[in-house]
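Report on the structure given below.
The values are calculated or read from the model by the stated rules, or taken from the named source; none is laboratory data. Computed from a prediction, not measured in an experiment: that's the story for all the values here. Reconstructed Cβ throughout: ideal geometry from the backbone, glycine too, with neighbour counts over all protein chains shown. Each accessible area value is taken on the protein alone, full model and side chains, heavy atoms only, with ligands, DNA and RNA left out. Shrake-Rupley method; radii C 1.70, N 1.55, O 1.52, S 1.80 Å.
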Amino acid sequence: MNSNDNHWMRYALDLAARAEAEGEVPVGAVLVLDDQVVGEGWNRPIATHDPTAHAEIQALRVAASKLQNYRLCDTTLYVTLEPCTMCAGAIIHARVKRLVFGAFDPKTGAAGSCFPVLTSDQHNHRVECFGGVLADECSKQLSEFFRLRRLQAKQSRSTD
């Protein structure tokens, strides 16, 4: 870990709040190069009707366009939730140097929680992975979102 990891994770948490405000699962991601934002994103699959519109993919797309390169070497990706297998594959192919994530995902996490995609030595590129940065805040944001969703669903069923 480095001294700026908490700062950038807080930035990602703000992006996750943006996703939540749009009715999306609150996950945010920011890609940093030389302590500068080169890409950012938040979950948008519902709004865009795109199953690949995860926060990580959004941030990688913005950065690749900005840098005019699909290889995002020497970058660090900060994301509030451990990436899924789709996002892990994109992170590897983009040649991201470091991944820093907040909450572990025991159901679909691909940085070792469920699937060792990012930690496998089978790939031709190795991503340095650090999980648990501001984990309590990241987990709380997600838990509260899903708690409210369940409550809304319950209330909707009771009024039918």
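Here Phe115 clears all of (1) under 18 Å from Leu13 (Cα atoms); (2) assigned to a loop (DSSP other than H, G, I, E, B) except the condition numbered (1).
Note on the stretch 53-68: residues that are touching a helix residue (DSSP H, G or I) at 6+ places or on another chain (Cβ under 9 Å) and either surrounded by fewer than 17 Cβ atoms within 10 Å (Cβ to Cβ) or small (Gly, Ala, Ser) (or both) total 3. Considering the stretch 40-52, the residues that are farther than 10 Å from Ala19 by Cβ and in contact with a helix residue (DSSP H, G or I) (Cβ under 7 Å, 6 or more places away or on another chain) include one that is most open to solvent (accessible area, probe 1.4 Å), namely Pro51.
The residue of the stretch 101-125 that is surrounded by the fewest Cβ atoms within 10 Å (Cβ to Cβ), among those that are under 13 Å from the mean Cα position of the chain (by Cα) and without any contact (Cβ under 8 Å) to a residue 40 or more places away in the chain, is Thr108. Among the residues of the stretch 126-160, those that are assigned to a loop (DSSP other than H, G, I, E, B) and surrounded by 11 or more Cβ atoms within 10 Å (Cβ to Cβ) comprise Arg126, Val127, Gly132, Val133, Leu134.
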